[in-house]
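First comes the structure, then the notes that go with it.
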Amino acid sequence: MSIGVPQRSAPTPATDPARAGQRWAARAEAVSKVYGSGETRVRALDVVDAGFVHGELTAVMGPSGSGKSTLMQCLSGLDRVSSGRVWIGDQELSGLGERALTELRRDRVGFVFQAFNLLPTLTARENITLPADLGGRAVEADWLDHVVDTLGLRERLAHRPGELSGGQQQRVACARALVGRPELVLADEPTGNLDSRAAGEVLGLLRRSVDDLGQTIALVTHDAAAAAHADRVLFLHDGRLVAELSSADAGEVLETMAGLEHAGAEPGGSGTPDLDGAPVVDAAAAEAARTARLLRAQLDAFIADVDALAAGTGDRRGAAL
Ligand SMILES: Nc1ncnc2c1ncn2[C@@H]1O[C@H](COP(=O)(O)OP(=O)(O)OP(=O)(O)O)[C@@H](O)[C@H]1O
Ligand SMILES: [Mg+2]
């Protein structure tokens, strides 16, 4: 297929009313996200319409800086959109306060980030069950066993993150995202730090959690083979949704990516910054800042719960950090 790079996101099946009968696990409508102001202004998302169908694995691809992580952050409410609307299930995020957003993320969304975001003082097992513990929910023992065994973590459960390899730490993060069976798992390059065997195992687990358990997953990846595991692939370019494939094989994904990269390299092709000049924050720094924000929000919620318990007003929870 040939890829044009339109000035605005073209209507795609992701927003096609013909698919309206399907249940969206998450949806972005005309979402724009602008970082900074003046000369350092960056338009990371530019009027994006994207839907994530319940019970599907949707891959999100695009060149570095195209807005993939920003879209994930906006979907989870970790970043507020500059304009447009976002829903998780039937819940629109814009009306929610910080506390409600934190609870929604903790109870209904699982995360796996590029950078490991495990708590260093907790064991692998404690990290995996942390969201459930914070939310006062019991962990299903059989499912926990299944996830742990599939990810090859059985022998590592008592270890702290500092005693695990990078790949093992990322598998712990995957286990943590899946174990609570959230409405939506947002996985931002979950296999980026794994060798090909471990990456294959993680992708296989993500795929099976969709097929066998109806899990909904949004998977950001640069890997065409990983995207070929997906039901649909959305392509971002310069903050715009420019293409969508269904049940694509790796060859089709590569061809589409090559079209995007070619479009970006053409004279006159727009760069990511809104104005001339380099982006103010590189993607790795932005990622680290977001991870810190997520952890801080989780801990704030936990501390508020502990305070409520201490004051005798808490109705649940007794997680230990
Ligand atoms: N907090 C921030 N402040 C300023 N600019 C930001 C911030 N977060 C992201 N950006 C910019 O927004 C653009 C999109 O970034 P984003 O992290 O979404 O890209 P990405 O597609 O995930 O890239 P990668 O594949 O490298 O992870 C980039 O130009 C980035 O520098
Ligand atoms: Mg990213």
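The values are calculated or read from the model by the stated rules, or taken from the named source; none is laboratory data. No experiment lies behind these values; they were computed from the predicted model shown. A quick note on method: Cβ atoms are made from the backbone with ideal geometry, for glycine too, and the neighbour counts reach across all protein chains shown.
Computed quantities for the displayed model
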| quantity | calculated |
| --- | --- |
| Candidate set: the stretch 45-91, residues that are part of a helix (DSSP H, G or I) and within 20 Å of Met257 (Cβ to Cβ); chosen: the one nearest to ligand 2 (Cβ to nearest atom) | Ser69 |
| Residue match in the stretch 157-172 (condition: in contact with a strand residue (DSSP E or B) (Cβ under 7 Å, 6 or more places away or on another chain) and touching a residue at least 40 places away in the same chain (Cβ under 8 Å)) | no |
| Breaking point among (1) touching a Lys or Arg at 6+ places or on another chain (Cβ under 9 Å); (2) under 18 Å from Phe113 (Cα atoms); (3) not β-branched (Val, Ile, Thr), for Arg240 | (2) |
| All positions within the stretch 221-266 that are within 15 Å of ligand 1 (Cβ to nearest atom), over 25 Å from Arg208 (Cβ atoms) and β-branched (Val, Ile, Thr) | Val242 |
| Candidates Ala228, Ala243 - the one that is surrounded by 19 or more Cβ atoms within 10 Å (Cβ to Cβ), over 18 Å from the mean Cα position of the chain (by Cα) and not β-branched (Val, Ile, Thr) | Ala243 |
| Residue list for the stretch 196-226, filter: among the acidic types (Asp, Glu) and closer than 13 Å to Leu151 by Cα | Glu201 |
| Failed condition for Thr15, given (1) at pLDDT below 85; (2) within 28 Å of Asp212 (Cβ to Cβ); (3) surrounded by 16 or more Cβ atoms within 10 Å (Cβ to Cβ) | (2) |
| Cβ pairs under 9 Å, 6+ apart, first in the stretch 184-206 and under 27 Å from Leu104 (Cα atoms) and at pLDDT below 80, second away from ligand 1 (no atom under 16 Å from the Cβ) and assigned to a loop (DSSP other than H, G, I, E, B) | Val202/Leu151; Val202/Leu194; Leu205/Leu151 |
| Residues of the stretch 108-131 satisfying the condition of being out of contact with any Leu (no Cβ under 9 Å at 6 or more places or on another chain) and either assigned to a helix (DSSP H, G or I) or farther than 13 Å from Ala173 by Cα (or both) | Pro131 |
| Filter result (within 28 Å of Val139 (Cβ to Cβ) and of a type in the set (Gly, Ala, Ser)) within the stretch 74-96 | Ser76, Gly77, Gly89 |
